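Notes for the one structure printed next.
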Amino acid sequence: MTGGPPGSPAAHAVRGTGRELAGPGWLPLTDDELRGILGRRDAGGLGREPVVIWRSPRPMSAAALVRHGDATVFVKRHHLSVRTPEQLAAEHAFAGHLRARAQPVPAVLRLADGHSVLRRGEFCYEAYQAADGIDLYRDAVRWSPYASLGHAHAAGAALARLHLAAEDFARPARPAAVLMNSGQVIGAPDPLTAMRRLVAARPALAAYLAGRRWPDAAPLLAALPSQWAHGDWRPSNLTWTSAAPDAQVAGIFDFGLANRTSAVHDLALALERAVVSWLDLPETGTATADLTAAAFILDGYQTVRPLSEAEATALPRLLPVVHLEYALSEADYFTGVAVSPGHADLAYEYLIGHARWFGQPPGAALLGFLAGHLRAGR
């Protein structure tokens with residue numbers, strides 16, 4: 001489904017599910033559209049109306065950097081089937097909490113109606129200040145590694161600081177939804193029953209999964225303390241103090257997958273996103289893991305927030321299934337929103353193929369390395 005408000009221009013290319021570019025699911029933001037969302041920066045001055053200066057290649061929403069008066073802001077448009085104003089309000093509250101605790105999170109902005117989320121028909125909009133620092137990984141494809149071990153270490157330390165700042169954010173979890181992380185399955189006393197309940201609530205997804213052996217991926221994981229977390233910690237959601245290998249994290253953005261899960265869940269996601277060459281899997285049947293990069297992420301993290309014994313034990317068990325609930329929600333998106341049987345098949349392969357890889361020698365080696373590295377560190 002390609003959608004957008006009337007008057008949207010021809011679509012631009014976005015990242016596909018692999019290394020290729022593809023057509024977008026949503027038409028891009030336009031200057032005329034943004035005028036009604038952001039308003040003017042002054043009272044009647046010339047040349048102060050919003051102008052799009054860069055469009056995001058991410059495919060699940062329409063987003064752009066916008067010159068608005070003397071400022072540059074980041075604007076996103078969501079279809080209500082993907083994000084509602086209530087869901088975005090929780091996200092904004094979390095971002096505000098982190099910012100109040102000195103985390104380098106861009107400020108959420110008020111839109112033309114004075115609120116942080118503005119609804120127009122079947123779409124809603126949000127805007128942030130542009131993140132500080134250099135967006136070194138702007139053009140990186142999904143599952144790109146860090147460009148240096150220094151970046152991996154700095155990213156681990158920054159994630160730990162975010163987790164410490166998030167510990168007292170008391171808001172309940174956002175309910176499981178399209179394109180959303182959650183701990184609904186992994187943290188449940190009976191994960192298999194919880195997964196069946198999650199799928200049954202989504203008729204299109206349930207129909208797609210009928211006859212497939214998806215319950216085989218049900219996790220076995222002891223309960224861990226829950227807290228809000230970023231949910232999508234990867235190089236392209238961070239900005240940097242410089243382009244040097246020893247640069248530090250200057251900004252943290254894209255809280256679209258943030259939810260109440262656990263610190264270890266978020267750390268496992270950070271490893272899953274950046275240390276395995278997942279894009280090789282459909283091409284060669286296997287993938288490689290960068291054990292050194294994994295060690296640097298873990299070591300950076302533990303310089304700030306050492307893992308408890310329970311967390312260190314849980315991390316290698318969690319890693320093979322940490323993608324599970326987001327992968328299901330992505331299949332839900334491609335069966336019920338931007339309907340594409342081919343992309344739904346890829347989302348299902350993401351769900352099953354990634355979990356299966358951890359039973360192959362490279363995946364087992366990664367899990368063994370993580371367990372040993374954590375034991376040695378303790």
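The values are calculated or read from the model by the stated rules, or taken from the named source; none is laboratory data. This structure is a prediction, so every number in the text was calculated from the model and none was measured. A quick note on method: Cβ atoms are made from the backbone with ideal geometry, for glycine too, and the neighbour counts reach across all protein chains shown. Just so you know, the surface numbers come from the protein's heavy atoms only, side chains and all, with ligands and any DNA or RNA stripped out. Shrake-Rupley method; radii C 1.70, N 1.55, O 1.52, S 1.80 Å.
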Any chance the stretch 220-241 includes a residue that's surrounded by fewer than 20 Cβ atoms within 10 Å (Cβ to Cβ), in contact with a Lys or Arg (Cβ under 8 Å, 6 or more places away or on another chain), modelled with pLDDT under 95 and in a helix (DSSP H, G or I)?
-> no
Taking Tyr128, is it within 20 Å of Pro235 (Cα to Cα), more than 16 Å from the chain's Cα centre (by Cα) and open to solvent by less than 50 Å² (accessible area, probe 1.4 Å)?
-> yes
So, in the stretch 101-130, of the ones that are of a type in the set (D, E, K, R) and in a loop (DSSP other than H, G, I, E, B), which residue ends up modelled with the highest pLDDT?
-> Arg101
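Count, please, the residues in the stretch 93-103 that happen to be in contact (Cβ under 8 Å) with a residue 12 or more places away in the chain and over 15 Å from the mean Cα position of the chain (by Cα).
The initial filter retains those residues of the stretch 93-103 that are in contact (Cβ under 8 Å) with a residue 12 or more places away in the chain, namely 93-98, 101-103.
From the residues that got through so far, the ones that are over 15 Å from the mean Cα position of the chain (by Cα) too are 93, 96-98, 101-103.
So the count comes out to 7.
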Check the stretch 187-195 and report whether any residue there is closer than 18 Å to Gly231 by Cα and either in contact (Cβ under 8 Å) with a residue 24 or more places away in the chain or open to solvent by 40 Å² or more (accessible area, probe 1.4 Å) (or both).
-> yes
